[in-house]
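What follows is one structure encoded as structure tokens, with my remarks underneath.
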Amino acid sequence: MAGLPLVTGGTGFAGSHLVEHLLETVPAVAAWSNPHGSPIGDRDARVQWAAVDLLDRGAVRRAIEHVRPSVVYHCAGAAGVGGSWADPVKPLRVNALATHHLLDAIERAGLACPVVVTGSALVYRPSLDAMDENAPIGPANPYGVSKLAQEMIAAAVTAFPIFLARPFNHAGPRQSAEYVTSSFARQIAEIEAGVNAPVLNVGNLDAQRDITDVRDTVRAYRMLPEAGRPGRPYNICSGRAHRIGDLLEALLRLSRTRIKIAVDPARLRPSDNPVVLGNPTRIREEVGWRAEIPIERTLEDLLDYWRLRIAVPRA
């Protein structure tokens, strides 16, 4: 197993797509899952799985010594913005402390492998303008605070190269229904299958978000240690903000039935930024990455994913 690329959070949304993407060019990948979360799904013999609790310092050290990876893509973490308001300690532990354990284990193992730390664009201060990597820092929610702490821990490492990714919103198949486009797609699939009445519940439809297909996002993760500069943050974004209501309309046009819209106050976040828009100039010019998959394909694939998920249990 020694010398394989390692993906932490390999059963998660971005992590699972990254494992698949890496297997397009390498013969095998090491991947870690959360032993307290969902079980590992279909097993591919090319993926060397391990259940590792990143909050267990000793377990992380032993796992790193066993794998001795050639490169690490740190995708594991607590990703929910809304849930961070209810339990702000959890994202700090899972995003910041766990990252410290991982980086400390790599250093203690004497490895010099590059590490990609997947942060978040929510470290920036809210702005109506397109944000580049020099935009003011000032997270507006507990999740963003935890990702800033994670990034600061990573930036202090000097023993091996660290690559800092700041992804903006990303969407696609296998995304949790906690996220807006996936929530819409799941509700449409449930309505089409007769599981629910033809009413789709929504929150703020006027918010605008820079959304990239997850398959483009993980391609950026793979490219960063190949062409990026260590210690330098890189926005991963399309440079285009989509109005949430327009994304809903696009999904409704793909629907097979007529659906009514109802505003659900519970879906309105306490401090929703009206616009989250990134500037991708740095990663485009220095790394050669750009978003390629059109949002229309992302939405269509996302809806088809939920149609399959809803249909299988009924069958």
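Observations
- Residue in the range 113-127 that is more than 19 Å from residue 208 (Cα to Cα), more than 20 Å from the chain's Cα centre (by Cα) and in contact (Cβ under 8 Å) with a residue 60 or more places away in the chain present: no
- Filtered by the rule that a residue be touching a His at 6+ places or on another chain (Cβ under 7 Å) and crowded, with 24+ Cβ neighbours inside 10 Å, the range 214-232 gives 214, 217, 218.
- Here residue 204 passes the criteria (1) open to solvent by less than 50 Å² (accessible area, probe 1.4 Å); (2) assigned to a loop (DSSP other than H, G, I, E, B); (3) under 25 Å from residue 239 (Cβ atoms); (4) not small (Gly, Ala, Ser) except the one numbered (1).
- Helices (runs of 4 or more DSSP H) fully within the range 3-98 that include at least 2 residues being modelled with pLDDT of 95 or more and either surrounded by 15 or more Cβ atoms within 10 Å (Cβ to Cβ) or in contact with a Cys (Cβ under 7 Å, 6 or more places away or on another chain) (or both): 13-22, 57-67.
- Selection within the range 260-288: residues that are under 18 Å from residue 201 (Cβ atoms) and either surrounded by 18 or more Cβ atoms within 10 Å (Cβ to Cβ) or small (Gly, Ala, Ser) (or both). The member of this set that is nearest to the chain's Cα centre (by Cα) is 266.
- Any hit, the range 269-283, residues being among the aliphatic types (A, V, I, L, M), farther than 15 Å from residue 209 by Cα and in contact with a helix residue (DSSP H, G or I) (Cβ under 8 Å, 6 or more places away or on another chain): yes
- The single condition among (1) hydrophobic (A, V, I, L, M, F, W, C); (2) assigned to a loop (DSSP other than H, G, I, E, B); (3) under 25 Å from residue 280 (Cα atoms); (4) open to solvent by less than 20 Å² (accessible area, probe 1.4 Å) that residue 140 does not satisfy is (4).
Quick grid of which residues meet (1) crowded, with 17+ Cβ neighbours inside 10 Å; (2) closer than 20 Å to residue 294 by Cα; (3) within 18 Å of the chain's Cα centre (by Cα):
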| residue | (1), (2), (3) |
| --- | --- |
| 169 | yes, yes, yes |
| 177 | no, no, yes |
| 188 | yes, no, no |
| 195 | no, no, no |
| 210 | yes, yes, yes |
| 234 | yes, no, yes |
| 241 | yes, yes, yes |
| 249 | no, yes, no |
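- Among all residues of the range 110-126, there is at least one that is over 26 Å from residue 63 (Cβ atoms), open to solvent by 20 Å² or more (accessible area, probe 1.4 Å) and in a loop (DSSP other than H, G, I, E, B).
- For residue 130, the conditions (1) buried (at least 20 other Cβ atoms within 10 Å of the Cβ); (2) at pLDDT 95 or above; (3) not basic (Lys, Arg) are fulfilled apart from (1).
- Residues of the range 149-161 satisfying the condition of being open to solvent by 40 Å² or more (accessible area, probe 1.4 Å) and under 21 Å from the mean Cα position of the chain (by Cα): 152, 153, 155
The values are calculated or read from the model by the stated rules, or taken from the named source; none is laboratory data. Note that this is a predicted model, so its numbers are computed, not measured. Every residue, glycine among them, receives a Cβ derived from its backbone with ideal geometry; neighbour counts consider all protein chains shown. The area values use the complete protein model at the heavy-atom level, side chains included, leaving out ligands, DNA and RNA. Shrake-Rupley method; radii C 1.70, N 1.55, O 1.52, S 1.80 Å.
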